[in-house]
1. Would you check if there is a residue in segment 62-81 being within 30 Å of L140 (Cβ to Cβ) and of a type in the set (G, A, S)?
2. Being among the small types (G, A, S), in contact with a His (Cβ under 9 Å, 6 or more places away or on another chain) and either more than 18 Å from F103 (Cα to Cα) or in a strand (DSSP E or B) (or both): is that true of G209 here?
3. Would you check if L174 is on the phi < 0 side of the Ramachandran plot, in a helix (DSSP H, G or I), in the same structural domain as A206 (by TED's automatic domain parsing) and within 20 Å of the chain's Cα centre (by Cα)?
4. Can you name the strands (runs of 3 or more DSSP E) wholly within segment 112-162 that have at least 2 residues being surrounded by fewer than 19 Cβ atoms within 10 Å (Cβ to Cβ) and touching a residue at least 24 places away in the same chain (Cβ under 8 Å)?
5. Given the conditions (1) within 17 Å of the chain's Cα centre (by Cα); (2) β-branched (V, I, T); (3) surrounded by 20 or more Cβ atoms within 10 Å (Cβ to Cβ), report the number of the one that T14 does not fulfil.
6. Do the conditions hold for D93, that is, is it in a loop (DSSP other than H, G, I, E, B), farther than 18 Å from S171 by Cβ and without any contact (Cβ under 8 Å) to a residue 24 or more places away in the chain?
7. Before we move on, is C87 under 22 Å from the mean Cα position of the chain (by Cα), modelled with pLDDT of 95 or more and under 22 Å from S196 (Cα atoms)?
8. Do you know which of the residues in segment 17-33 that are of a type in the set (D, E, K, R) and surrounded by fewer than 19 Cβ atoms within 10 Å (Cβ to Cβ) is nearest to the chain's Cα centre (by Cα)?
Amino acid sequence: MTHTENFRPVPWDTAALGIDAYEIEEPKPEELDIAANLPGHYTVRVDPLTPKMLLHKYGFYYCDTLLEPYTDIDHFVAFDDAAVVVCDNATIDSLLSICHGAFKHDRFHRDFNVPAHQADLRYDNWLSQMHSAGEVRGLLYRDKLAGFIATQGSSLVLHALAETVRGRGLSKCLWTPVCRALFESGQTEVTSSVSSTNLPVLNLYARLGFRFRNPVDIYHRITR
């Protein structure tokens, strides 16, 4: 039995989970039946209003609902702070010290079949991959590394704050120069992706003038 063309391999998930990982792009009955019999970790993304009976029939379970924050230059609200500096030369070790354990709202930490250390490793590996590709911006506050944002095109795809600066209202100032740089580079819109349960980040994006669209429910299955 082999996977079909609708099974997209996810190598960074495979590396962290120790089992082949796939996203099923079209959850048809024949695709779900293969997933129920072929060892691997499977992800399906569906519209929240889509009936879920078929997913439950084949052993898929709910993990998260993602929202897409988005804004354009006309709606973006900037919060400037002269103490904030964006740098492109932060070391991977310094970034990993912020990344490791920072993503408690994500779908892998909410997946009861995935141990927490594997969920942490998944994000560490992802950050390392993007750092190697030059896609990670370090965020300095008063000359100390306070967080990072990794970008791909117009999207803020992975970001975190150091534990020492959380809860101080600095996020909006740290996000501002990165968003502004994307607009200045010619991007007409800046987007991201965030769990609907991550209220601090949802409130951050709202303060920066982002709106929300494209909700999607995330379902997982692990077949041993």
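The values are calculated or read from the model by the stated rules, or taken from the named source; none is laboratory data. Only a predicted model underlies this, so the values are computations on that prediction, with no experimental measurement involved. Cβ coordinates were reconstructed from backbone atoms using ideal geometry, including for glycine residues, and neighbour counts include every protein chain displayed.
1. Residues of segment 62-81 within 30 Å of L140 (Cβ to Cβ): 66-81.
Of the ones still in play, those that are also of a type in the set (G, A, S) are 78.
Scanning segment 62-81 turns up at least one residue that is within 30 Å of L140 (Cβ to Cβ) and of a type in the set (G, A, S).
2. Criteria met by G209.
3. Numbers: on the phi < 0 side of the Ramachandran plot: yes; in a helix (DSSP H, G or I): yes; in the same structural domain as A206 (by TED's automatic domain parsing): yes; within 20 Å of the chain's Cα centre (by Cα): yes.
The answer is yes for L174.
4. Working: elements: 136-141, 144-152, 155-161.
Output list reads 155-161.
5. Every condition holds for T14 apart from (3).
6. Working: in a loop (DSSP other than H, G, I, E, B): no; farther than 18 Å from S171 by Cβ: yes; without any contact (Cβ under 8 Å) to a residue 24 or more places away in the chain: yes.
No; evaluated as a whole, the condition is false for this residue.
7. no
8. Going through segment 17-33, the residues of a type in the set (D, E, K, R) turn out to be 20, 23, 25-26, 28, 30-31, 33.
Those still in the list that are surrounded by fewer than 19 Cβ atoms within 10 Å (Cβ to Cβ) too: 20, 23, 25-26, 28, 30, 33.
Values: D20: 20, E23: 15, E25: 18, E26: 21, K28: 25, E30: 29, D33: 28 Å.
This residue is E23.
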